[in-house]
């Protein structure tokens, strides 16, 4: 595997013995009334706090600073429904956890280099274990042993940019990537000011402003410059606050 951390399960993490078959649920969406499915999460105010509580009950450390609400669809943040988990491993992207709308459970999606980890977790204790090992650097291939319904697969990204006439030196002001997931579905994410890749539908002409030009394919070097520029800008803004 590329760029993964240590392959051993960290101390205190219990391996799941459940052999539930993998179910191909729909992608996570925002449930209009969470009370019937997630009353414990609602009571604690956010999924982040609920997962931290579940981690603490298992003797696992999940600092509050490593979790934040998941922003979906152009930065919409709903703390009760999703979270991201920052890893201590360089270049490992944030893990994304989002609640299903039609049953109690959470969709898990993570990326490191040219592999993605995706699947489901069915209780908060399991979500907490996955969040913990993602943060501490367990190899992606080993996370399946902690959460049996989470699987690993290689991906090939295509990168696109939206370059407007006013963009300096022809550098894109919006960058997105597409890939084919393990189910054969086309997926798309845009790199947002949250410094995370967020699921969007920018490639669809009906989903973006009519005055925006069509996305054009760009190389990874252009993407790297864009991410560096956005990260530098966001970091500077945070310091000014």
(request) Would you point out which residue out of 131, 182 is under 25 Å from residue 84 (Cα atoms), buried (at least 21 other Cβ atoms within 10 Å of the Cβ) and touching a residue at least 12 places away in the same chain (Cβ under 8 Å)? (result) 131
(message) Exactly one condition in (1) touching a strand residue (DSSP E or B) at 6+ places or on another chain (Cβ under 7 Å); (2) more than 21 Å from residue 89 (Cα to Cα); (3) surrounded by fewer than 20 Cβ atoms within 10 Å (Cβ to Cβ) is false for residue 171; which is it?
(response) (1)
(message) Condition first: within 16 Å of the chain's Cα centre (by Cα), assigned to a helix (DSSP H, G or I) and closer than 21 Å to residue 67 by Cβ. Can you find one or more residues in the stretch 150-160 that meet it?
(response) no
(message) Against the conditions (1) more than 16 Å from residue 198 (Cβ to Cβ); (2) buried (at least 23 other Cβ atoms within 10 Å of the Cβ), where does residue 108 fall short? Just the number, please.
(response) (1)
(request) Return the residue satisfying two criteria in turn: it lies in the stretch 30-45 and is under 8 Å from residue 80 (Cβ atoms) and in contact with a helix residue (DSSP H, G or I) (Cβ under 7 Å, 6 or more places away or on another chain), and of such residues it is modelled with the highest pLDDT. (result) 41
(request) Among the residues of the stretch 46-70, write down those that are modelled with pLDDT of 90 or more and in a loop (DSSP other than H, G, I, E, B). (result) 46, 58, 59, 60, 61, 62, 63
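The values are calculated or read from the model by the stated rules, or taken from the named source; none is laboratory data. Everything quoted here is computed from the prediction, not taken from an experiment. For neighbour counting, all protein chains shown are included, and Cβ atoms are generated from backbone atoms with ideal geometry for every residue, glycine included.
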